[in-house]
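See below for the structure under consideration.
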Amino acid sequence: MSYRSAYLLLFLFVFGFSTFTPAQEINFGQFGNYSVTFNKFNNLSFGSILTGSGLKQIQLSDPEKATIQVSGAKNLDIILDITADPELLLNGNSSFSGDPQKSIPFTMEAAYANKGDNIISDAELFNVSSNSASARFQIVERTSGPPGPPPTPPHEGFTPPQGSAYIYIYGSINVGSVDAGSYTGNITITVTYN
Amino acid sequence: MTKGKTALYFFLMTGFLWSVSQDLFAQNGKSTKPDINISVNTRIVSTIDLITIKNIELDKARSGDQQINIAPTVHAAAGIMKAEGRPGAEMRISYVQEQELTRTNGSETLTFQYSVSGNTEQNQSTSELLDFNNETTRFNETGEYFFWIGGRVDISNAIPGQYTGDFTIEIEYI
């Protein structure tokens, strides 16, 4: 190979490198032993409903919605995934799935507030599809200015500043002519540090 | 190819391969995943119908000028009601024990103390007295339950006339 070819290859290497490098994103979460904690204030309860009464909704503004506090290092992003059962089942019995007399369709809605306080007017809506949703946000949103320097990771004698975000789960059920009794379903929330 | 050129070529290829691998490594940055479960729940209830079969007949029960006393388990003047619901379902019963009767075309009142008995069959003599607060029992196999409504009222100072009032009972599935 001539030096000319080598330099050409070097040129391609230097400038081609930029085509292989993604938009800069540094996942600080992998550089420290961070932890996230949950505090569930309440479950999502529709109360007592007469059989055959049709659509029953719980809105974001209603006290019956489920509220969950997510706490951790305030400056880091979290990825939050929510998945809900598509129906409530009599006595939670999975063998009643799809039984029109023993199951009640459930449609989930969700929102989060990450300005530091449990205030629904701060809430941002999740985009929910087929009772699943995912979003990425800082535990406490940076209010102004450019990002600061990388946060010091947790280590012995040091805990990064903590903060909390709030997750709101609500939605609707459609009550057909179902048997009287207790109906339950499940929603799972998973959080990952990014 | 000279050693110098070989070394340069090797360096360039190594750098190329390293940059590609760095791109792949940067995509894998997620840490462990805690989770939490939220329960969604509701309680479905069906209606309970309450039918009045016969009203209390106070005038038939009067035997003196002091007091009217109708024992629900034996007196023919007792009122009769029937509840209809889910066969065999357990239910909770409460009723307002003391209510006022008001004279028609007047404002005078009498205080009536209700007493209620119940049975899964329409048999007054075997019915049992029910506590006024949160008594629990069940519908029979055809979804029926019977009540006899009695009680007592002091009429020693009552002004003559017609008196009417309500009887309030609450029944819910448990």
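General remarks:
- Hits in the range A:33-50 - residues which are touching a Lys or Arg at 6+ places or on another chain (Cβ under 6 Å) and touching a residue at least 24 places away in the same chain (Cβ under 8 Å): A:Phe46, A:Ile49
- Residue check, A:Asp99 within 15 Å of A:Thr184 (Cβ to Cβ), surrounded by fewer than 17 Cβ atoms within 10 Å (Cβ to Cβ) and acidic (Asp, Glu): yes
- One residue alone among B:Gly64, B:Gly118 is surrounded by fewer than 18 Cβ atoms within 10 Å (Cβ to Cβ) and of a type in the set (Gly, Ala, Ser), and that residue is B:Gly64.
- Of the listed requirements (1) more than 13 Å from A:Pro86 (Cα to Cα); (2) modelled with pLDDT of 95 or more, A:Val128 misses just one: (1).
- The residues of the range A:158-178 include none that are modelled with pLDDT under 90 and facing another protein chain (nearest Cβ under 8 Å).
- Screening B:Ala89, B:Ala77, B:Ala26 for residues that are of a type outside the set (Phe, Trp, Tyr), surrounded by 13 or more Cβ atoms within 10 Å (Cβ to Cβ) and at pLDDT below 60 leaves exactly one candidate, B:Ala26.
- The residues in the range B:154-163 that are closer than 19 Å to B:Asn69 by Cβ and surrounded by 10 or more Cβ atoms within 10 Å (Cβ to Cβ) can be counted, and the count is 4.
- Note on the range A:1-115: enclosed strands (runs of 3 or more DSSP E) holding 2 or more residues that are at pLDDT below 95 are A:37-42, A:44-50, A:66-73, A:77-84.
- Selection within the range B:138-166 - farther than 30 Å from B:Gly88 by Cα and of a type outside the set (S, T, N, Q): B:Arg152, B:Val153, B:Asp154, B:Ile155, B:Ala158, B:Ile159, B:Pro160, B:Gly161, B:Tyr163, B:Gly165
- Residue check, A:Val140 among the β-branched types (Val, Ile, Thr), within 14 Å of chain B (Cβ to nearest Cβ) and closer than 20 Å to A:Val191 by Cβ: no
- Condition met for B:Ser125 (more than 26 Å from A:Ser48 (Cα to Cα), out of contact with any strand residue (DSSP E or B) (no Cβ under 8 Å at 6 or more places or on another chain), modelled with pLDDT of 95 or more and not charged (D, E, K, R)): yes
The values are calculated or read from the model by the stated rules, or taken from the named source; none is laboratory data. In this text the structure is predicted, and so the values were computed from the model without any measurement. Neighbour counts are summed over all protein chains in view; Cβ atoms, including those assigned to glycine, are modelled from backbone coordinates with ideal geometry.
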